[in-house]
Amino acid sequence: MNMSSDGEAATTASGLAWQQGFSALGPAFFTELQPTPLPSPHWVGTSASVAHLLDLDEAWLRSDAALQAFTGNAVLPGSHPLASVYSGHQFGIWAGQLGDGRAILLGETAAGLEIQLKGAGRTPYSRMGDGRAVLRSSIREFLCSEAMQGLGVPTTRALCITGSPASVRREEIETAAVVTRVAPSFIRFGHFEHFSANDMDEELKALADYVIDRYYPECRGSAQFGGNPYAALLQAVSERTAVLMAQWQAVGFCHGVMNTDNMSILGLTIDYGPFQFLDSFVPGHVCNHSDTQGRYAYNRQPNVAYWNVFCLAQALLPLIGEQELAMAALESYKTVFPAEFMARMRAKLGLGAVAEEGDAELIDGLLVLLAKGGVDYPIFWRRLSHAVGTGEFEPVRGMVPDQAAWDEWLASYLAQPRLADRTQASEAMLATNPKFVLRNHLCEEAIRAAKLGDFSALQTLQQLLESPFEEHPGHESYAAFPPAWASSIEISCSS
């Protein structure tokens, strides 16, 4: 690490200053290695807001030096590239050792954010893989990371994508790309599972202490659970996960591959692969073509997340000490998730923050109507938001096949005293129900153009998704019903 004379991390030409973070845990946690270069790299997309988070020098970010660094062709001064080891359950089955098979952590910046290159080449954990990412999947991750940020959903971020003409074989031959990911930490449930499964209690404790001291200091010295900080950590993680699930469900987001190695210890959305935002509201929708059993269907996500935090509890058991204590630490998930979900649904309906008797019946009744009709989820909520302010409900009514049931529900809804100020309620709803979401067909159109060297569609879509609650006149087509061909799009774990 480059250090100045006063001991602070030195700043390089990029504006980045580095400090020790995850790498301080020692060699049992990772393998140091260099990214594998790619030929003839080019820029595909960048995020100005993430660059600002990192205090990156704007002029440098446009330079060839930045292009080479974020493609993995040159190592940034002060960084210590590494790939971390972890294990996990995949589709409910113990998969054993996994790890960063195509992601290389450059290090942690002085701002407390880790920078990781995804697609930067083979690592010791690639498990016969090529360590590469393709342009298609990199665009999907880049756009969705920034879309989730725009929606207010906790997420890893994406600084940039670089592309290369190098060939990569997936279902077909595609071109390579690298997406630069940014997060406070990329530690997963699977990190804890790895050391617990291998009876490496000393390393397990070191990891837990690191996470507590860096990200959950309130767990240290807490009187709860008899002062056991590891039980307090488990509860804090499970509650953050419950909140995240409530946000996913409310916005209609399907992750597609909720393996324990894809679950963030910080409650972030991580590892965007076969994700999808719902078009039609079909609770049992399975967005991952590889998920033949439907384990990760949209309506199963909250229960799968609980199963995953239970796996984390098992991994932390050597530190917590008692099974009963671990189970007690998980108990609040069962109350936090429904409370958070109902709060978000009340916000979508303009009903305010305070729960009242009958809310569950009102919300459940609406969701049943939407599910029976397979109603377009984003458009319904946006139209309802406008209708509350204008009083023109016919555009909403026309979306629901069972119009008699809709009329009955609407009468009950509009009778709510909390809707007395319709203008205020409408404004609140428009700030909660986005006009623009990253539908699969929009992503596919941006990918098709990018494959031909045209990144303008990607840039336009990115701008809309960064402020999805704004109207953005002139871009109505991005908020329209999906075309018929959208239903034929298949996304899998290679996506």
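The table for this structure:
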| quantity | calculated |
| --- | --- |
| Residue count for segment 57-80, restricted to those that are buried (at least 23 other Cβ atoms within 10 Å of the Cβ) and on the phi < 0 side of the Ramachandran plot | 4 |
| Residue match in segment 287-294 (condition: free of Cβ contacts under 8 Å to residues at least 24 places away in the same chain, more than 22 Å from the chain's Cα centre (by Cα) and not assigned by TED's automatic domain parsing to the domain that holds LEU414) | yes |
| Residue list for segment 116-169, restricted to those being among the charged types (D, E, K, R), out of contact with any helix residue (DSSP H, G or I) (no Cβ under 8 Å at 6 or more places or on another chain) and not in a strand (DSSP E or B) | ARG122, ARG127, ASP130, ARG132, GLU141 |
| Within segment 377-397, tally of residues that are touching a Pro at 6+ places or on another chain (Cβ under 8 Å) and touching a residue at least 60 places away in the same chain (Cβ under 8 Å) | 2 |
| Residue among ALA133, ALA147 that alone is of a type outside the set (Lys, Arg), free of Cβ contacts under 8 Å to residues at least 60 places away in the same chain, surrounded by 23 or more Cβ atoms within 10 Å (Cβ to Cβ) and under 25 Å from HIS42 (Cα atoms) | ALA133 |
| Test: residue in segment 48-56 that is hydroxyl-bearing (Ser, Thr, Tyr), surrounded by 20 or more Cβ atoms within 10 Å (Cβ to Cβ) and in contact (Cβ under 8 Å) with a residue 24 or more places away in the chain | no |
| Residue within segment 306-326 that is at pLDDT 95 or above and either at positive phi or in a strand (DSSP E or B) (or both) present | yes |
| Filter result for SER426 (out of contact with any Lys or Arg (no Cβ under 6 Å at 6 or more places or on another chain), among the hydroxyl-bearing types (Ser, Thr, Tyr) and closer than 20 Å to TRP248 by Cα) | no |
| Any hit, segment 406-418, residues being among the basic types (Lys, Arg) and under 21 Å from ALA360 (Cα atoms) | yes |
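Condition check ((1) over 24 Å from VAL368 (Cα atoms); (2) out of contact with any Gly (no Cβ under 9 Å at 6 or more places or on another chain)) across all residues:
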| site | (1), (2) |
| --- | --- |
| VAL396 | no, yes |
| VAL400 | no, no |
| ALA449 | yes, yes |
| GLU466 | yes, no |
| GLU476 | yes, yes |
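Let's see how each residue does on (1) out of contact with any Pro (no Cβ under 8 Å at 6 or more places or on another chain); (2) without any contact (Cβ under 8 Å) to a residue 40 or more places away in the chain:
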site: VAL153; (1), (2): yes, no
site: ILE161; (1), (2): yes, no
site: ALA166; (1), (2): no, no
site: GLU171; (1), (2): yes, no
site: ALA177; (1), (2): yes, no
site: PHE186; (1), (2): yes, no
site: HIS191; (1), (2): yes, no
site: GLU202; (1), (2): yes, yes
site: ALA206; (1), (2): yes, no
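The values are calculated or read from the model by the stated rules, or taken from the named source; none is laboratory data. In this text, all values refer to a predicted model and were calculated from it rather than measured experimentally. Glycine also receives a Cβ, built like all others from the backbone with ideal geometry; neighbour counts cover every protein chain displayed.
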